[in-house]
Amino acid sequence: MQDIEHLSTNRLSVVVPVFNEENAVSGCIERLLTESEIDEILIVDNNSTDGTASIIQEFAEKYDKVRYVFEARQGVVHARNAGFDASTGNIIGRIDADTRVQPGWADAVKGFFQRSTAHSAVAGLTYLFESPFARIHRYALDRQVKQGKFDCERQVLAVAGANMAIRKSAWLSVREQVSDRPDIHEDIDLSLCLREEGMTIGQIADMRAETSGRRGETPPLEYLKYNQASESVLHLHNIMNWRLKLTIWGDSMLHALVWPVYRIYNFEQERLEFRRLFGMSKGRIMPVHQ
């Protein structure tokens, strides 16, 4: 089946699960439309109650390659599954509503699967925007690129839902194994299912995208619940150990340390404002729930 995917007739579908993303979804779709190598864009509305659905439908009426998909079962895993199942491409890209693909993203995805017979999925290089740490993060990633750490298609353990792609054949091979639990990280679960079937994941530097850093606004106690989804998926696959647990705890502690900076950061003006410390903090809607 992979031989078919190495022909020049590769077809790339991109799936974007969305829930109440009226402020982000237009920018996401507009960036995808600039990529001529994308053959199909599926925006999966997961019961949005704001203006998200009407925005998607407007794009779908204007552009043939944009498709509106509705998924009634609540949870990003159900929206992802609906989009993957409805896709017609032999390659499926997956990003979030607050992801902005960079020029050449689709060409990099198709090129990867045209070259590589070893890997069944690919992770891109993801930068931050809407974050007080965006410049530092970009500098750190660019330095790794200059050091040659991404010169080859290196193997990684997992994909992130904000910037990934998978062969349709690989998805179909694990479709019955992936969990539909809403309290785990579906991208980690998918990665582990691929691994259990003997498939591997590559990473390339030219598959670049930016994703919003607004998750940093999430209050630390709520972020702990978010990271519980990481523990749950590792327990589900019986691979949890003390090293992984320490890694998850470390991420939660780091978030607690940087959270005050996000609290005083004006995302629109891109500057720190200490008066914001006394305002209400909402954070982003969590992609997992109990």
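The values are calculated or read from the model by the stated rules, or taken from the named source; none is laboratory data. Values in this document were obtained by computation on a predicted structure and should not be read as measured data. Here the Cβ is made from the backbone with ideal geometry for all residues, glycine too, and neighbour counts use every protein chain on show.
Checked against the criterion of being touching a residue at least 60 places away in the same chain (Cβ under 8 Å), among the hydrophobic types (A, V, I, L, M, F, W, C) and either part of a strand (DSSP E or B) or surrounded by fewer than 23 Cβ atoms within 10 Å (Cβ to Cβ) (or both), the stretch 143-153 contains one or more residues that satisfy it.
Looking at the structure I just gave you, is LYS225 more than 22 Å from ALA123 (Cβ to Cβ) and touching an Asp or Glu at 6+ places or on another chain (Cβ under 8 Å)? No.
Taking the stretch 57-92 as the search range and keeping residues that are of a type in the set (D, E, K, R) and part of a loop (DSSP other than H, G, I, E, B), which one is farthest from LEU12 (Cα to Cα)? This residue is ARG73. For the stretch 109-131, the set of residues classified as within 16 Å of GLY89 (Cα to Cα) and of a type in the set (D, E, K, R) consists of LYS110 only. Only one entry of ARG214, ARG208, ARG167, ARG195 meets the criterion of being modelled with pLDDT of 95 or more and closer than 24 Å to PHE129 by Cα, and that entry is ARG208. Filtering the stretch 103-128 to residues that are assigned to a helix (DSSP H, G or I), farther than 25 Å from GLY27 by Cα and among the hydrophobic types (A, V, I, L, M, F, W, C) leaves PHE112, PHE113. Return a yes/no flag: does the stretch 231-244 have any residue that is closer than 13 Å to ILE184 by Cβ, hydroxyl-bearing (Ser, Thr, Tyr) and either in contact with a Pro (Cβ under 7 Å, 6 or more places away or on another chain) or modelled with pLDDT of 95 or more (or both). Yes: the stretch 231-244 contains one or more residues that are closer than 13 Å to ILE184 by Cβ, hydroxyl-bearing (Ser, Thr, Tyr) and either in contact with a Pro (Cβ under 7 Å, 6 or more places away or on another chain) or modelled with pLDDT of 95 or more (or both). In this structure, is ASN227 assigned to a loop (DSSP other than H, G, I, E, B), modelled with pLDDT of 95 or more and outside the structural domain of ARG181 (by TED's automatic domain parsing)? No; evaluated as a whole, the condition is false for this residue. Scanning the stretch 37-62 for residues that are among the charged types (D, E, K, R) and in contact (Cβ under 8 Å) with a residue 12 or more places away in the chain, we see that the one that is surrounded by the fewest Cβ atoms within 10 Å (Cβ to Cβ) is ASP50. Flag: PHE84 matches the condition of being crowded, with 21+ Cβ neighbours inside 10 Å and among the aromatic types (Phe, Trp, Tyr).
Every listed requirement among (1) touching a residue at least 12 places away in the same chain (Cβ under 8 Å); (2) surrounded by fewer than 22 Cβ atoms within 10 Å (Cβ to Cβ) is met by GLU176 save one, (1).
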